[in-house]
Each structure stands twice: as structure tokens, then as C-alpha cells.
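Below is one structure; the comments refer to it alone.
The values are calculated or read from the model by the stated rules, or taken from the named source; none is laboratory data. Small disclaimer: the values here were computed from a predicted structure and weren't measured. In this analysis, Cβ positions are derived from the backbone assuming ideal geometry, glycine residues included, and neighbour counts consider all displayed protein chains. Only protein heavy atoms, including side chains, enter the accessible area calculation; ligands, DNA and RNA are left aside. Shrake-Rupley method; radii C 1.70, N 1.55, O 1.52, S 1.80 Å.
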Amino acid sequence: MKIFLAFGGQKQVMQCFEELKPQHLLISFAYVKTVNEIQKIFKNYWPQDLLIDSGAFSVWTKGNEINLKNYMLFCKSIQQIVPKSTYVRFVNLDVLPGKFGERPTKQQREDSAQAGWANMIIMRQENLLPIHVFHQHEDFKWLKTMLEFGLDYIGLSPANDSSMKEKKTFLDQCFSITKTNVKTHGFAVTSHNQVLNYPFYSVDSSSWAAGAIYARTPTFKDGRIKMYAYKDKKVLSEFLANTKKEEGLMTNYVKHYKEGIRAFMQLEAFANQVWEKRGIKHNDN
């Protein structure tokens with residue numbers, strides 16, 4: 001299992017990556033829009049695997065859309081600069097149903113699934129071989145269609161506003177269909193139960209950065225990620241104060257970024273040990 005660390009291209013983050021060398025990184029077109037930015041970000045360090053996400057969800061929450069042509073041009077530009085030692089894949093440009101904050105209708109979900117499928121076909125025609133995504137609440141006929149079409153790598157996206165029980169029901173049904181016959185990527189899926197109960201080929205998360213952003217540091221213990229929160233108001237106020245005062249050096253940010261990166265690298269190693277004992281080993285691209 002590969003755990004992709006999602007990030008927005010921040011300089012301080014890349015300094016941590018260069019030191020600790022996590023092998024699987026995810027970056028979004030919603031935050032980085034030019035190949036020149038990519039070259040600056042990865043000037044000194046390229047990971048083994050780079051996953052490019054369209055960022056459609058982030059943009060949709062703001063009432064905007066991503067242009068497919070622009071996204072494909074971005075992806076093609078990246079293909080030209082990525083070193084041979086880095087394997088790059090692109091996530092299909094999703095089409096989200098309805099408006100953010102409103103519960104979409106069944107027809108809106110169907111329309112968005114059809115539009116997303118159309119984008120996937122166009123990207124394949126441009127030799128980008130995107131990872132198409134099946135979303136919770138879409139008709140399961142779309143997941144079956146993905147398998148029948150012969151996609152080699154598909155994404156599974158539990159709904160952000162669903163309970164853990166609802167997400168479990170969704171993933172249970174997904175894997176009852178996919179089994180281990182196709183590579184699967186879990187979007188924002190790194191909880192203990194999800195990582196150890198489902199044979200994902202890869203997953204991603206931005207939770208590794210929570211320590212720097214929310215003063216809740218991820219730590220790896222007893223086979224799972226636990227968030228250490230600064231409950232002491234004095235310690236918390238000092239954390240926030242130092243972060244603001246040392247904006248140039250970002251001392252606290254760097255410290256907690258590193259702690260989060262190490263924790264998720266440990267989780268990845270542990271999850272792979274568990275799945276190898278169960279007879280499932282992913283060691284290819």
C-alpha cells in the first residue's frame with residue numbers, strides 16, 4: 001500500500017520532504033497551475049510516485065469549475081519534465097453534482113457521473129490514462145462499468161459528510177465488487193480501520209500536516225495514527241504565537257510537518273507488513 005501525502009507545494013513542506021524523502025506525493029492542479037511551479041517545487045527532490053489531482057472538489061466548493069483542456073495541457077507538460085525515476089499518474093477531472101452545501105438529486109448524481117466518464121474518455125484519447133473515480137452515492141453500475149471497461153487503476157471516494165459507518169458500508173460494497181482484481185486508490189482514506197480492512201493499492205491524506213495547521217500532531221502508535229492535541233492552553237498559545245512571530249523561519253511548522261511525515265511513513269510500512277502477511281503485496285506501478 002502506498003500512502004500519498006497530499007500538499008499544496010509550500011516551500012517549507014518541500015524542505016521536509018527533501019530531508020525525510022517520502023516516496024509518494026500528491027499535488028493538486030487547484031493549487032499549482034503551471035509546469036514552472038512544479039519545476040520549482042521539485043527542484044531538489046522528486047518522489048518515486050507523483051499523483052496529480054485535478055482539484056475539482058476544492059474548486060467546486062467555491063462555486064467554480066476546472067477547464068478540462070487546461071488540465072490536460074498541465075498534465076502533458078508534467079509528463080515532459082518528470083524524471084524517469086518518478087512514476088506519474090493523473091486523476092480524472094471529476095464533475096461534482098449540484099452545488100456545494102446542497103444535497104444533490106439522484107438525477108444530478110447521474111448527470112455528474114456521466115460527465116465525469118466523458119472526461120475520462122477524452123483524457124484517455126490524449127494518452128493520459130487517468131485514474132477514474134467512483135464516488136459514494138453514485139449508482140454502483142458505474143463501478144461495474146469501470147471494471148468491464150478494463151480500467152487498471154480506479155479511485156474510490158467516500159463522501160466527506162458521511163459517517164464512518166456509512167463510509168464502511170460504501171467500501172464494503174465496493175470491494176465486494178472489485179475484490180483485488182484491480183488497483184484501487186482511496187481518496188482521503190487513512191484511518192486505522194480503512195487502511196487495515198481494505199486492500200487498497202494506494203490512499204492519500206493531508207492529515208499528516210495537521211500538526212502544523214491545527215496544533216494537533218499526528219503520531220504513530222500501536223498500529224494507528226493518533227492525534228496529539230495541545231490541551232494545555234499555555235502550550236497552545238505559545239505554539240500559535242511562535243508560529244506567527246517566526247513566519248520567516250516557520251520553526252513550528254517545520255517541526256510538526258516532520259513529525260506528521262514520519263508518522264504516516266510508519267503507518268505505510270506497518271500496513272504493508274500486515275497485508276503481506278495476508279498474501280497481498282503491491283510492489284509495482
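For the range 196-205, 3J(HN,Hα) computed residue by residue from phi via the Karplus equation (6.51, -1.76, 1.60; θ = phi - 60°) reads 9, 9, 10, x, 5, 6, 7, 9, 9, 6 Hz, glycine and proline entered as x.
Where only protein heavy atoms count, and the probe is 1.4 Å, what is the accessible area per residue for the range 1-99 in Å²? Kindly include the intermediate steps, with their values, before the conclusion.
Working: 4630 Å² over 99 residues.
About 47 Å² of surface per residue is accessible.
Where both bridge residues fall in the chain, DSSP classifies roughly 20% of the beta bridges as antiparallel. Take the Cα of TYR45, go 7 Å toward its beta carbon, and the backbone nitrogen atoms of the range 82-115 under 16 Å from that spot belong to 86.
In this structure the amide hydrogen of PHE134, modeled in the peptide plane, comes within under 5 Å of the amide hydrogens of GLY155, LEU156, SER157, none closer than 5 places in sequence on its chain.
Taking only alpha carbon atoms, the range 1-71 gives an Rg to Rh ratio of 0.99, where Rh is the Kirkwood radius. 3J(HN,Hα) couplings calculated from phi for the range 275-282 with the Karplus curve 6.51 cos²θ - 1.76 cosθ + 1.60 (θ = phi - 60°) are, in sequence order, 6, 5, 5, 8, x, 10, 9, 10 Hz; Gly and Pro show x. Once backbone amide H atoms are built at 1.01 Å from N, SER206 has ALA6 as its partners under 5 Å, excluding neighbours fewer than 5 places away on the same chain.
With a cap of 12 neighbouring Cβ atoms within 10 Å, and only residues DSSP puts in a loop, list the GluC sites (Glu not before Pro) found in the range 1-88.
Working: sites: GLU18, GLU19, GLU37, GLU65; in loops: GLU65.
Those satisfying the criteria are GLU65.
Cross-link list LYS141/LYS179; LYS226/LYS258; LYS40/LYS84; LYS221/LYS255; LYS99/LYS183: which exceed 22 angstrom alpha carbon to alpha carbon? It would help to have the intermediate numbers written out before the result.
Numbers: LYS141/LYS179 16 Å; LYS226/LYS258 15 Å; LYS40/LYS84 18 Å; LYS221/LYS255 19 Å; LYS99/LYS183 31 Å.
In this structure, LYS99/LYS183 exceed 22 Å between Cα atoms.
Sum -39500 (n - 2.57) across every DSSP H segment of at least 4 residues in the chain, then divide by the residue count to get the 222 nm mean residue ellipticity, nearest 500. Write out the running numbers ahead of the final one.
Details: 11 runs with 131 residues, N = 285.
For the chain, the value works out to -14000 deg cm²/dmol.
Converting phi to 3J(HN,Hα) with the Karplus coefficients 6.51, -1.76 and 1.60 and the offset θ = phi - 60°, the range 123-136 yields 5, 5, 5, 8, 6, 9, 6, x, 7, 7, 10, 9, 9, 4 Hz in sequence order, with x at every glycine or proline. Normalising the average separation of contacting C-alpha pairs (under 8 angstrom, six or more residues apart) by the number of residues puts the relative contact order of the chain at 18 percent. State the label only: which of [x] 19.2, 61; [y] 20.4, 68; [z] 19.1, 58 corresponds to Rg and Dmax of the Cα atoms in Å computed from the shown model? Evaluating Rg and Dmax of the Cα atoms in Å on these atoms matches [z].
Tell me the trypsin sites (Lys or Arg not before Pro) within the range 73-117 that lie in a loop according to DSSP and have at most 15 other beta-carbon atoms within 10 Å.
On the way: sites: LYS76, LYS84, ARG89, LYS99, LYS106, ARG109; in loops: LYS84, LYS99.
Filter output for the range 73-117: LYS84, LYS99.
Close amide H partners of TYR228, meaning residues 5 or more places away or on another chain with modelled amide H under 5 Å apart, are THR217, THR219. In whole Å, how far is the Cα centre of the range 159-181 from that of the range 108-136? Each part's Cα centre sits 20 Å from the other's.
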